[in-house]
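To start, the structure itself, in structure tokens.
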Amino acid sequence: QVHLVESGGGTVQAGGSLSLSCEASGTIISINKMAWYRQAPGSQRELVAAIISGDSINYAHSAKGRFTISRDNAKNTVYLQMNSLRPEDTAVYYCNAYLLPYGGFAYINYWGEGTLVTVSS
């Protein structure tokens with residue numbers, strides 16, 4: 001059974017920094033993509049940043065220059081360093097992984113339970 005376990009998040013003042021991490025636990029054959037999404041109240045879930053096969057990185061326009069995604073393949077863990085946070089960054093942040101679990105025949109999307117990030121003005 002694969003689980004995504006998130007940590008980090010919390011409350012910070014505008015201009016501050018927070019770091020999120022997410023470990024994919026369980027028996028995993030391969031991970032193609034690890035990413036962070038977020039969902040603010042009343043809004044749809046949106047991509048924040050993604051790292052694909054360890055090399056290709058995509059950022060949402062709002063995250064470019066402020067957020068950094070990184071991945072530790074040995075630990076099946078993805079990180080999101082968030083700097084210069086703004087009140088509009090307030091949302092529940094979800095970890096996402098597109099991976100092939102042991103015994104599986106296809107890659108599957110997994111989601112974490114989410115962690116709340118609140119940025120006060």
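Before moving on, here are some points about what is shown:
- Net charge, Ile51 excluded, C-beta distance under 15 Å - Lys, Arg +1, Asp, Glu -1: +1
- On a per residue basis, the chain carries 53 Å² of accessible surface, using protein heavy atoms and a 1.4 Å probe.
- The length gained by stretching the chain between Ser19 and Asn109 to full extension, at 0.36 nm per residue less their Cα-Cα distance, is 30.1 nm.
- Relative counts (whole %) of C-alpha pair distances in region 1-52, using bins that are 10 Å wide: 18, 45, 30, 7
- Rounded to the nearest 10 square angstrom, Arg86 shows an accessible area of 100 square angstrom against a 1.4 Å probe.
- Legend: calculated FRET efficiency, Tyr98 to Thr11, from the Cβ-Cβ distance at R0 = 22 Å, rounded to 0.05, equals 0.15.
- What the Cα convex hull of region 71-121 gives, in volume per residue, is 89 Å³.
- Of the residues Glu113, Glu88, Glu46, Glu6, the one with the largest accessible area comes first in the ranking Glu113, Glu88, Glu46, Glu6, computed with a 1.4 Å probe on protein heavy atoms.
- Evaluating 6.51 cos²θ - 1.76 cosθ + 1.60 at θ = phi - 60° for every residue in region 105-121, the Karplus couplings come out as 10, 8, 6, 10, 7, 10, 10, x, 7, x, 9, 7, 10, 10, 10, 8, 8 Hz, glycine and proline recorded as x.
- The calculated pair-distance distribution of the chain uses every alpha carbon pair, bins of 5 angstrom beginning at 0, and gives 2, 12, 23, 24, 18, 10, 6, 2, 1, 0 percent.
The values are calculated or read from the model by the stated rules, or taken from the named source; none is laboratory data. Predicted model, so just to flag it, every value in this text is computed and none were measured. Quick reminder, even Gly has a Cβ in these numbers, built from the backbone with ideal geometry, and neighbours come from all protein chains shown. All accessible areas refer to the heavy atoms of the entire protein, side chains included, with ligands and DNA or RNA removed. Shrake-Rupley method; radii C 1.70, N 1.55, O 1.52, S 1.80 Å.
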